[in-house]
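S.K.: Quick one: structure below, then a few questions.
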Amino acid sequence: MSEAVWGVDFESFVLETLEAYSRLARAQAGDLHSAEDAVQDVYLNMYRRWEELSTRQGSLTAYGRMAVKNAVISQFRKNRRMVPAPVQELPE
């Protein structure tokens with residue numbers, strides 16, 4: 001598969017699924033920014049493996065939905081592990 005066709009196929013997939021994946025991530029995350037990050041992570045990972053994924057049997061849309069759910073969970077875990085840095089007061 002040439003890169004031009006490969007990119008077009010992925011772009012079509014993103015355009016077809018972006019709204020549904022974003023809605024799912026927002027419902028799961030409850031936080032717009034975490035939801036957006038999760039969806040972007042999923043698309044990035046799928047793009048990297050697109051040639052392999054697109055030749056598999058099964059639904060790419062279903063695979064992506066599961067990946068979004070897992071990415072939201074990962075975002076939640078990552079955010080919980082982050083420890084806020086102490087605020088240093090500025091000298092007056």
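The values are calculated or read from the model by the stated rules, or taken from the named source; none is laboratory data. Note that the structure is a prediction, hence the values are computed from the model and not measured. FYI the Cβ positions are ideal-geometry reconstructions off the backbone, even for glycines, and counts take in every protein chain you see. Ligands, DNA and RNA are excluded from the accessible area calculation, which covers all protein heavy atoms including side chains. Shrake-Rupley method; radii C 1.70, N 1.55, O 1.52, S 1.80 Å.
S.K.: State whether one or more residues within the range 11-19 are touching a helix residue (DSSP H, G or I) at 6+ places or on another chain (Cβ under 7 Å), open to solvent by 70 Å² or more (accessible area, probe 1.4 Å), modelled with pLDDT under 95 and at negative phi.
M.R.: Among the residues of the range 11-19, not one is touching a helix residue (DSSP H, G or I) at 6+ places or on another chain (Cβ under 7 Å), open to solvent by 70 Å² or more (accessible area, probe 1.4 Å), modelled with pLDDT under 95 and at negative phi, which makes the answer no.
S.K.: Quick one: count up the residues across the range 44-62 that are out of contact with any Gly (no Cβ under 8 Å at 6 or more places or on another chain) and either among the hydrophobic types (A, V, I, L, M, F, W, C) or open to solvent by less than 80 Å² (accessible area, probe 1.4 Å) (or both).
M.R.: The total comes to 9.
S.K.: So, one more: Name the residue that is nearest to Phe13 (Cα to Cα), counting only residues in the range 38-76 that are assigned to a loop (DSSP other than H, G, I, E, B) and of a type in the set (Gly, Ala, Ser).
M.R.: Filtering first and then ranking leaves Ser59.
S.K.: From the set of residues in the range 63-80 that are open to solvent by 100 Å² or more (accessible area, probe 1.4 Å), out of contact with any helix residue (DSSP H, G or I) (no Cβ under 8 Å at 6 or more places or on another chain) and modelled with pLDDT under 95, which is nearest to Ala29 (Cα to Cα)?
M.R.: Checking each candidate, the answer is Arg77.
S.K.: The conditions are (1) open to solvent by 50 Å² or more (accessible area, probe 1.4 Å); (2) under 21 Å from Leu15 (Cβ atoms); (3) in contact with a Lys or Arg (Cβ under 8 Å, 6 or more places away or on another chain), and Ala35 fails exactly one of them. Which is it?
M.R.: It fails just one condition, (1).
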